[in-house]
Structure formats: structure tokens, C-alpha cells
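Undergrad: Sharing a structure, written as C-alpha cells. Questions coming.
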Amino acid sequence: MDTPHPSTLTVQLPGRSYPIHFPDAGLAAAGALIAEALPDADRCLVVADARVAELHGESLTRSLKAAGLGYHLATFAPGETSKTLETAEQLWQAAAAMRLDRRGLVVALGGGVCGDLAGFVAACWMRGVRMVQIPTTLLAMVDSSVGGKTGVNSAAGKNLIGAFHQPSLVIMDTTILASMEQREYAAGLAEVVKYGVIEDADFFAWQEAQAAALVARDPQVVAQAVYRSCAIKAAHVEADEFEQGIRAHLNYGHTFGHALEGSTAYRRYLHGEAVAIGMNMAAAAAEALGFCADKHLLPRQEALLRALGLPLVHRLGPDPAGELADLAARTALDKKVSAGRQRFVLPRCLGEVAVVTDPDPTAIAAGFAAYASTEASALTGDS
Ligand SMILES: NC(=O)c1ccc[n+]([C@@H]2O[C@H](COP(=O)([O-])OP(=O)(O)OC[C@H]3O[C@@H](n4cnc5c(N)ncnc54)[C@H](O)[C@@H]3O)[C@@H](O)[C@H]2O)c1
């Protein structure tokens, strides 16, 4: 883990393989990398939220210009509430105004909201134009920019309207993370922990040893963590692009986490925070089921999440029993329910998880209860 990683990873998919670049020059190299990979491209619709555009828009557009690429920078208001068909429509209008045709491309410069939205815009515009992902949050680097899931939210639910649309390339500049708020950054670390638990016990142990450096955003350590996370994500996407099987392992902690996000109306937790608590709940449920053979997994996972500054426990309000029942009921509505059967990704040991169909509901309830409390404390992120 501590040796320097190669500067490119490839996601191998039939007819649509693509590179994930980690250029030494960072964003300044983006224009040249795009021009080299897509020599017929003439213009780019660059999509960024207003905050990211202000912080990093110019570095990108300068490098596009230097590479001879035309561009229009279209911005939207930061936040999940912009991930809608309405914003997509505004971006399609921008594409029309700049006469973006199939030689052109969409470039997403931003977090997961921007990547999902711009990817969806690219998937639909002229029945599909190429796109480039340039993630600027840790979550987008280790998760949403790789794998081709794009989409918007609607009254029907989160991410229900969308398309699989793989990028033509992904460009990672981990130095961009320096401008992130600590809480947002830490939330992305939860997904990094997830990769260790689901696939790579050595990577998990490396994170334990490097926890302080990860929190402090040591550039070398962060770059290693992003690289290894992307390699694990890429392997899951290659094996199962459309999530019929093993790609579901990436949802470890998410079924519990989605219930927590839903029950708090998406206001209390950042996604990664809910996933952190959800991973504790999943591991506790696995123990209650007798599925997890490794008695050290849960305490080690909890200790690592704590060291990374993530909340560990869900705080309950005045009706704890009612809330716990509500949380359990919400897992029955999760999109991971298939043909009426509930599927949970549960750990067997560090580095290995499996999908468990219709587990004993008392074990799931025990998982929720083990990491829920009526006390406000540092563990709930409330202190
Ligand atoms: N497609 C997928 O596979 C996938 C996977 C996981 C999550 N997602 C989606 O990702 C979204 C969440 O992504 P997110 O957490 O990156 O949120 P986000 O895109 O809203 O970014 C979070 C905040 O950070 C700011 N920001 C971004 N980069 C910054 C930087 N470098 N410096 C300073 N501020 C910066 C943004 O302006 C925003 O306010 C959700 O919509 C979720 O559904 C998609």
C-alpha cells in the first residue's frame, strides 16, 4: 500500500473501457488528457455547482483552452436539491445554445451531485454524448465518478430517474480536496472504510495505521486511499456493471444508512455519516445472526470510524421503540428489496461480505438497536 501507485487505472468494460488518471499536474493536465483521449472532441459543456466553479472552474477552463478545446461553463446552485430534471433541462438548454453535438462532450467538475446530474444530461443529450468526470469531493473520487450510474431525484424518490452512462475518462486531482469542509471530507472517508471491510483486510489495517494522516489530508496518504478505493470499485463494476450480483457488495452499510437518512428527512446526516452508522448496524446484525465469525471486526470498524471523526450511533427521540420500528420498516422499502425479498450486505470477516436474503428480522432489529441511543453524545456526532 505504501509504494507509489501507477498514474492510471483502467476500468475494463466490453467496448467502453476507460482510464482513471491521477496526473501529477492535477487539474492543469485535464485539457491535454481530454484532447489526447478524445482527439475529435471540439467543445465541452463544463458543469459545476457555483461553489466549485468559483474555487476550481478557472484552473479547468484554462487547461481546456490551452489544449485547444472550446467550452461553456454552466453552473447550478450547490446541493442535493439541484439534482432535478429542472436543472437538467437548464443544462440541455445550455448544450443547445453552444451547439453541442456528438463531437462535443460534457465535463462534470464537482461532487456526486454534479457528476450524477451532468452524467444524466450527457446520457440523454442527442441520445448520448461522451462525458468526463472530474470529481472534487472525496465521495465522488472514491465512489460516484466511477461506474456510470447517473441520475436525478424526483417526487417519486432519490435517484429513481437515471441511466447507466460510463464516462470516457475520469481525472483525479486529490489536491482539490484541500478546499473541502472537514465534515464533508470525513463523510467521504466512510466509503473508504467500506472498501476495506468488503474486500481488502490489508487496506483496512493500512487505514487504521494511517487514520491520523487521513484526517489531516496528508496528500500522499489520501492519494493512496483514493487509488485503492477506485481499484476496488472498478473491479466490482467490471464484474457486474448493471448490479445483478457482486456490485451490490458496495451497498454495505447502505440499507441501514438509507433508513437513517429517510427517517431524518435527509437533514441530519451527510450520506457518508449515515453509512458509517449503518456499517456498525450491519456488523452488529451480522453478529446477532451468527453470520460474522470475526469477533474483532465490529470493535475495529467502530474504532476506525471514530478515529476518522465519523458518528457511530444514531440518536433517538422521545419515542425510541416507535422510531426503531419505523427504521426496520424502512428497510423493507429500500431499493435493494428484490421481488419482495429483503437483501442485506453483511460481513463474514474483514475483507469479505455476502448478500443475505430475508435475514431473521430480530437480528436486523438488534443491529439497529445496538447503534441507536437516546443519549446525545460525541458518538452521535451531537456533542
Ligand atoms: N453515481 C453513483 O454511483 C453515486 C454513488 C454515491 C453517491 N452518489 C450521489 O452523490 C451525491 C453526493 O455527492 P457529494 O457528497 O459529493 O455532494 P455534493 O456534490 O453536493 O458536494 C458536497 C458539497 O461540497 C462542495 N464541494 C465540492 N467539491 C468541493 C471542493 N473541492 N472544495 C470545497 N467544496 C466543495 C459542493 O459545492 C457541495 O456544497 C448524492 O446525490 C448521491 O446520490 C452517486
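Undergrad: Has segment 306-314 got any residue that is among the aliphatic types (A, V, I, L, M), on the phi < 0 side of the Ramachandran plot, touching a strand residue (DSSP E or B) at 6+ places or on another chain (Cβ under 8 Å) and not in a helix (DSSP H, G or I)? Full working, then the answer.
TA: Step one: filter segment 306-314 for residues among the aliphatic types (A, V, I, L, M), giving 307-308, 310, 312-313.
Next, only the ones that are on the phi < 0 side of the Ramachandran plot stay: 307-308, 310, 312-313.
Checking which are touching a strand residue (DSSP E or B) at 6+ places or on another chain (Cβ under 8 Å) leaves us with 313.
Restricting the remaining residues to those that are not in a helix (DSSP H, G or I) gives 313.
Scanning segment 306-314 turns up at least one residue that is among the aliphatic types (A, V, I, L, M), on the phi < 0 side of the Ramachandran plot, touching a strand residue (DSSP E or B) at 6+ places or on another chain (Cβ under 8 Å) and not in a helix (DSSP H, G or I).
Undergrad: Return the only residue of Ala88, Ala108 being in contact (Cβ under 8 Å) with a residue 60 or more places away in the chain, touching a Phe, Trp or Tyr at 6+ places or on another chain (Cβ under 7 Å) and small (Gly, Ala, Ser).
TA: Details: Ala108 fails: touching a Phe, Trp or Tyr at 6+ places or on another chain (Cβ under 7 Å).
Only one candidate passes the filter, namely Ala88.
Undergrad: Counting residues that are among the aromatic types (Phe, Trp, Tyr), more than 22 Å from the chain's Cα centre (by Cα) and more than 14 Å from the ligand (Cβ to nearest atom), which helices (runs of 4 or more DSSP H) fully inside segment 18-123 reach at least 1?
TA: Working: elements: 30-37, 58-66, 85-97.
By residue number, 85-97.
Undergrad: Hey, another quick one. Could you please let me know if Pro361 is in the same structural domain as Ile246 (by TED's automatic domain parsing), surrounded by fewer than 19 Cβ atoms within 10 Å (Cβ to Cβ) and not β-branched (Val, Ile, Thr)? Write out each step before concluding.
TA: On the way: in the same structural domain as Ile246 (by TED's automatic domain parsing): yes; surrounded by fewer than 19 Cβ atoms within 10 Å (Cβ to Cβ): yes; not β-branched (Val, Ile, Thr): yes.
Here the answer is yes, as Pro361 does meet what is asked.
Undergrad: Then there is this: Quick check on this structure: which one of Ala283, Ala328 is part of a helix (DSSP H, G or I), within 21 Å of Phe203 (Cα to Cα) and touching a helix residue (DSSP H, G or I) at 6+ places or on another chain (Cβ under 7 Å)? Even if it seems obvious, please write down each step before you answer.
TA: Details: Ala328 fails: within 21 Å of Phe203 (Cα to Cα).
So the residue among Ala283, Ala328 that is part of a helix (DSSP H, G or I), within 21 Å of Phe203 (Cα to Cα) and touching a helix residue (DSSP H, G or I) at 6+ places or on another chain (Cβ under 7 Å) is Ala283.
Undergrad: Sticking with this structure for a sec: Which one is surrounded by the most Cβ atoms within 10 Å (Cβ to Cβ) among residues in segment 133-170 that are more than 10 Å from the ligand (Cβ to nearest atom) and under 30 Å from Ala213 (Cα atoms)?
TA: Once the filter is applied, the top-ranked residue is Ile134.
Undergrad: When only residues in segment 232-247 that are in contact with a helix residue (DSSP H, G or I) (Cβ under 9 Å, 6 or more places away or on another chain) and assigned to a helix (DSSP H, G or I) count, which is surrounded by the most Cβ atoms within 10 Å (Cβ to Cβ)? Walk me through it before giving the result.
TA: So in segment 232-247, the residues in contact with a helix residue (DSSP H, G or I) (Cβ under 9 Å, 6 or more places away or on another chain) come out as 232-233, 235-237, 239-241, 243, 245-247.
Keeping just the survivors that are assigned to a helix (DSSP H, G or I) gives 232-233, 235-237, 239, 246-247.
On the way: Ile232: 21, Lys233: 24, Ala235: 16, His236: 21, Val237: 22, Ala239: 13, Ile246: 18, Arg247: 19.
Here the residue is Lys233.
Undergrad: For Ala274, indicate whether it is assigned by TED's automatic domain parsing to the domain that holds Leu298, free of Cβ contacts under 8 Å to residues at least 40 places away in the same chain and part of a helix (DSSP H, G or I). Steps first, answer last, please.
TA: Details: assigned by TED's automatic domain parsing to the domain that holds Leu298: yes; free of Cβ contacts under 8 Å to residues at least 40 places away in the same chain: yes; part of a helix (DSSP H, G or I): yes.
Spelling it out, Ala274 is indeed assigned by TED's automatic domain parsing to the domain that holds Leu298, free of Cβ contacts under 8 Å to residues at least 40 places away in the same chain and part of a helix (DSSP H, G or I).
Undergrad: Further, regarding this structure: On the given criteria, is Leu85 crowded, with 17+ Cβ neighbours inside 10 Å and assigned by TED's automatic domain parsing to the domain that holds Ile134?
TA: Values: crowded, with 17+ Cβ neighbours inside 10 Å: no; assigned by TED's automatic domain parsing to the domain that holds Ile134: yes.
No: the conditions fail for Leu85.
Residues are listed down the side, and each one gets a yes or a no for (1) in contact with a strand residue (DSSP E or B) (Cβ under 8 Å, 6 or more places away or on another chain); (2) within 14 Å of the ligand (Cβ to nearest atom); (3) closer than 28 Å to Tyr18 by Cα:
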position	(1), (2), (3)
Met172	yes, yes, yes
Gln210	no, no, no
Ala223	no, no, yes
Ala248	yes, yes, yes
Gly257	no, yes, no
Leu270	no, yes, no
Met279	no, no, no
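Residue by residue, here is whether (1) modelled with pLDDT under 95; (2) β-branched (Val, Ile, Thr); (3) outside the structural domain of Glu273 (by TED's automatic domain parsing) holds:
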{"residue": "Val197", "(1), (2), (3)": "no, yes, no"}
{"residue": "Ala213", "(1), (2), (3)": "no, no, no"}
{"residue": "Gln220", "(1), (2), (3)": "yes, no, no"}
{"residue": "Ser229", "(1), (2), (3)": "no, no, no"}
{"residue": "Ile232", "(1), (2), (3)": "no, yes, no"}
{"residue": "Asp240", "(1), (2), (3)": "yes, no, no"}
{"residue": "Leu250", "(1), (2), (3)": "no, no, no"}
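Undergrad: Among residues belonging to segment 357-377 that are under 9 Å from Val313 (Cα atoms) and outside any loop (DSSP other than H, G, I, E, B), point out the one that is modelled with the lowest pLDDT.
TA: For segment 357-377, the residue satisfying everything is Ser373.
The values are calculated or read from the model by the stated rules, or taken from the named source; none is laboratory data. This one's a predicted model, so the numbers in the text were calculated from it and none came from an experiment. Neighbour counts are summed over all protein chains in view; Cβ atoms, including those assigned to glycine, are modelled from backbone coordinates with ideal geometry.
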